[in-house]
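Worksheet: one structure, shown below.
Derivation of every value follows stated rules applied to the coordinates shown; laboratory data play no part. If you're wondering where the values come from, they're calculated on a predicted model, not measured in any experiment. So basically every Cβ, Gly included, is an ideal-geometry build from the backbone, and we count neighbours across all protein chains shown.
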Number of protein chains: 2
Amino acid sequence: MYKINDNYQKLPGSYLFSTIAKKVNAFTAANPDKSIIRLGIGDVTQPIAPAIIEAMHKAVDEMGQAETFRGYAPDLGYDFLRNAIVENDYKSRGCDISADEIFVSDGAKSDSANIQEIFSVDNKIAVCDPVYPVYVDSNVMAGRTGVYDTEKETWSNVIYMPCTKENGFVPEFPKETPDMIYLCLPNNPTGTTITKAQLQEWVDYANKVGAVILYDAAYEAYISESDVAHSIYECEGARTCAIELKSYSKNAGFTGVRLGYTVVPKDLKCGDVSLNAMWARRHGTKFNGAPYIVQRAGEATYSPEGKAQLKEQVAYYMKNAATIKAGLQDAGYTVFGGVNAPYIWLKTPENMTSWEFFDYLLENANVVGTPGSGFGPSGEGYFRLTAFGTYENTVAAIERIKKL
Amino acid sequence: MYKINDNYQKLPGSYLFSTIAKKVNAFTAANPDKSIIRLGIGDVTQPIAPAIIEAMHKAVDEMGQAETFRGYAPDLGYDFLRNAIVENDYKSRGCDISADEIFVSDGAKSDSANIQEIFSVDNKIAVCDPVYPVYVDSNVMAGRTGVYDTEKETWSNVIYMPCTKENGFVPEFPKETPDMIYLCLPNNPTGTTITKAQLQEWVDYANKVGAVILYDAAYEAYISESDVAHSIYECEGARTCAIELKSYSKNAGFTGVRLGYTVVPKDLKCGDVSLNAMWARRHGTKFNGAPYIVQRAGEATYSPEGKAQLKEQVAYYMKNAATIKAGLQDAGYTVFGGVNAPYIWLKTPENMTSWEFFDYLLENANVVGTPGSGFGPSGEGYFRLTAFGTYENTVAAIERIKKL
């Protein structure tokens, strides 16, 4: 009789966003007259920029003609996209990254979940707390996280690096040495980040202790402060210790288009084994390339028109972020993030738990956010609002919250 | 110091198709005047059908307008596509499959590589020999295959089920009981298949011994004989033992569009654990849905126009298959497949090895095919030609081979 992967059985029952969906559905059913504003899930609302739409139409037409039809894409991505990435995301920032270190994928969620596969199950992971749940969950599935403590909501074999207002949301080097360090900067859910100098310390630390940094830069386009790195490869020594994960979901609104990429430098080696070669083998065996049409969409994000349109789109969402932040501060909330990222992280009032505040906000303001505890134990007592709604909804939501 | 997944180091050096590419490139460099015809890799050449192009243009336009823009797709696929799959691929064939048993993905290669994740590493796999290399390679990466014998080119912990002309390419129940049985029917690379009655025996066997069948039906659209099942769920009892993997790459030319789906019936349980729930959790954690545009393309394959156009496309390739088969038989070759699949499997002449015949054909006819030994040890002495070229190239290639 076949057996299953028992690690799946260790996962706590319900996924954060499905619990939220259930609560919202129940509320809507009971209150059909109430209009709900959703600032919960980090999904974009603005349409795809015209330059990208045009590029996709052109690519669709190419697929319909024998002379320009494209079959299987190169496993690791088309050169036109990989070269555009190198020029625009790396060379322009002085980062030494070449096209054969870029692996184009169907999105950063897949990559950030799959990247752990090329590492030993004996490795110990460290994560910021709170953080995007996929890092831990994918490691649970692989059997790397030990036993779950249902009371503390922590795994015995995971190093948690608390990021709270007490330490200014800057993760500290853990007491126990980790093998794999997940850093999501700017951070989801807190919307905070660290300076380039602080990131350099992490790179130095990883090189010193022989750890690999899995650097999720999904929110890079939202960085507004000049002392914050847009890529970990701006730091000296990152080529020997860091893998960078990038997404088009948030900078170009591609959540439903699906495109991302991962950078694995050729200098990143475990003994004499190249992690670049391992990830290439993983891609070649388990993935068959991102769609041609979508890769052309990705290329269009780097055209002069594309860049200008996306700059506007990012500004639109960051105006929302500023609106939320200022509005909540006016209403007396303690608020973080929203400067280098499209997330606002607020301290729940009157020591409410994250879920208590979720229910309070849903019932009294008909606004949906995300309970901080869903992102890790140190998220308890915090709450996330996203800037990805429409401006009109964002303003309306803040007005409602102010009136509470 | 972090450690890597050592299983990757066990993989034999070079992937079949990259070795072929290197040999072809070397030949072309040395013989720039020769025109090469490629009937090697199983990639389609006909453009995407007009009904699908139209659907994609419409979906692209929707993504460019705020009112119709779509963000994250449902993890498991849009209802419009899952319902179309149920109606057209299952209900129409009398198969009892519901929409919540369909998991839409970015293609069958990803699914066929990822599906092993939900099973225990202690399970023993059985594969047809020869077969699509991804099944074995993905299990090597997971540590399920034991030690590689470089001479025999087999893994110590894999059950090989030879499919050769001696047994009519029908896999026999193995002596040792497997836990996970990979069946690719119609088969890649042999282009042969088994009858529905023979498939029923496999379903009965799996239910009896407690094995799960991973049924890859990527070439289903090419089935022409009436006693061959289009889905394993046409067999009684398959809902308790089989997962089915489906691709749009070959029936709709989606190799560069990327779409597939996997069926995990709710009756498929290991003890009281639902494999449907496990795969849903896998999808939800490690995947973020197929692109909206691509899912609309998938839906269009089921429209009356789409169906008619794809029927023509399949007929085009099958005319190639018939041309190859008849031509090779005229030239005195022993030939298999090509009736229910777009692959022709030929016995190499004069006891040449597969690679000897590859070189012979490349040098003397300037035709590229695929050495059978690349698909497994029992593929030695065989050779694969695909029907996915243009008709003109296919005719020209056969003329060249006939003249040898």
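Some points to look at:
- Charges were assigned to the Cβ only: +1 to each Lys and Arg, -1 to each Asp and Glu. The resulting dipole of chain B about its Cα centre is roughly 540 debye.
- Inter-copy label distances at B:Gly146 (7 Å, Cα→Cβ; nm, one decimal): 3.6
- Long-range amide H partners of B:Val368 with built H, under 5 Å: B:Ile37, B:Arg38, B:Leu39
- B from A by rotation - nearest chain A beta carbon to the axis, in Å: A:Asp106, 3
- Remark on the protein assembly as shown: hydrodynamic radius 27.6 angstrom, per the Kirkwood mean of 1/r across alpha carbon pairs.
- Of all the options B:Trp279, B:Trp345, B:Trp155, the one that moves most in a Gaussian network model of chain B with Cα springs shorter than 10 angstrom is B:Trp155.
- Between B:Ala229, B:Ala84, B:Ala321, the GNM of chain B built on Cα springs shorter than 10 angstrom shows B:Ala84 fluctuating the most.
- A straight Cα-to-Cα reach below 21 Å connects B:Lys22 with the lysines B:Lys34, residues fewer than 8 places away in its own chain not being considered.
- Every helix of 4 or more DSSP H residues in the protein assembly as shown counts as -39500 (n - 2.57), and over all residues that averages to -11000 deg cm²/dmol at 222 nm.
- Candidate lysines for bridging to B:Lys10, where Cα separation is under 20 Å - those fewer than 8 sequence places away on the same chain excluded: A:Lys269, A:Lys286, B:Lys124, B:Lys152
- Cα gyration tensor shape for region A:53-304, rounded if a/c is under 1.5, else prolate or oblate: prolate
- When only the Cβ of Lys, Arg, Asp and Glu is charged (+1, +1, -1, -1), the dipole of the protein assembly as shown relative to its Cα centre reaches about 320 debye.
- Gaussian network model of chain B, springs between alpha carbon atoms under 10 Å - residue of B:Phe169, B:Phe287, B:Phe388 with greatest fluctuation: B:Phe287
- By DSSP, the beta bridges lying fully in region B:266-404 are antiparallel in about 100 percent of cases.
- Karplus (6.51, -1.76, 1.60) ³J(HN,Hα), θ = phi - 60°, over region B:167-173, in Hz, Gly and Pro reported as x: 9, x, 6, 9, x, 9, 4
- Efficiency of FRET between A:Thr177 and A:Glu151 - r from beta-carbon atoms, R0 25 angstrom, step 0.05: 0.40
- Tensor-based shape of region A:352-404 (alpha-carbon gyration tensor, a/c under 1.5 rounded, otherwise prolate or oblate): oblate
- In nanometres and ascending order, the distances from the B:Gly168 label point to those of the other copies are 7.8 (point 7 Å from Cα along Cα→Cβ).
- Farthest positive-ward along the protein assembly as shown dipole, Cα basis, beta-carbon charges - from A:His57, A:Ala326, B:Ser105: A:His57
- Placing a label point 7 Å from the Cα of B:Phe80 along the Cα-to-Cβ direction, the distances to the matching points in the other copies come to 2.6 nm, shortest first.
- Charge-dipole axis of the protein assembly as shown as Lys and Arg at +1 and Asp and Glu at -1 on Cβ define it, positive-most pick from B:Asn251, A:Ile181, B:Gly337: B:Asn251
- Stokes-Einstein diffusion coefficient of region A:79-217, Kirkwood radius over Cα pairs, 25 °C, 0.890 mPa s, in µm²/s: 151 µm²/s
- Using C-alpha pairs below 8 Å separated by at least 6 residues, the relative contact order for region B:148-298 is 15 percent.
- Projected area averaged over orientations for region A:137-232, convex hull of C-alpha atoms, nm²: 6.9 nm²
- Dipole magnitude for region A:165-309: about 680 debye, using +1 per Lys or Arg Cβ and -1 per Asp or Glu Cβ, origin at the Cα centre.
- Between region B:241-286 and region A:363-404, the alpha-carbon centres lie 35 Å apart.
- Panel order for A:Arg282, B:Arg239, by other beta carbons found within 10 Å of each beta carbon, from fewest to most: B:Arg239, A:Arg282.
- Annotation note: GluC sites (Glu not before Pro) in region B:180-264 located in DSSP loop regions with a Cβ neighbour count of at most 13 within 10 Å are B:Glu225, B:Glu236.
- Residues whose amide H comes within less than 5 Å of that of B:Phe383, counting only those at least five positions distant or on another chain, are B:Leu346, B:Thr348, B:Gly372 (H built at 1.01 Å from N in the peptide plane).
- Estimated vicinal HN-Hα couplings, Hz - region A:293-309 in sequence order (Karplus 6.51, -1.76, 1.60; Gly, Pro = x): 4, 6, 5, 5, 4, x, 4, 5, 5, 9, 6, x, 5, x, 4, 5, 5
- Lysines whose Cα lies under 22 Å from that of B:Lys196, excluding same-chain neighbours fewer than 8 positions away: B:Lys91, B:Lys165, B:Lys208, B:Lys246, B:Lys250
- In order along region B:192-199, the phi-based Karplus estimate (6.51 cos²θ - 1.76 cosθ + 1.60, θ = phi - 60°) of 3J(HN,Hα) comes to 9, 8, 10, 7, 4, 5, 5, 5 Hz; Gly and Pro are listed as x.
- When peptides B:57-65, B:265-273 are ranked by their average number of other Cβ atoms within 10 Å per residue, the highest-first order is B:57-65, B:265-273.
- Cβ-based net charge around B:Lys347, under 14 Å, with every Lys or Arg adding one and every Asp or Glu removing one: -1
- Long-range HN-HN contacts of B:Val212 with modeled amide H, under 5 Å: A:Tyr2, B:Met180, B:Ile181
- Relative contact order (%) - criterion: Cα under 8 Å, at least six apart; region: chain A: 23 percent
- Remark: the Cα gyration tensor places region B:1-148 in the oblate category, a/c being 1.5 or greater and a/b not exceeding b/c.
- Alpha carbon centroid spacing (whole Å) that separates region B:37-58 from region B:66-116: 20 Å
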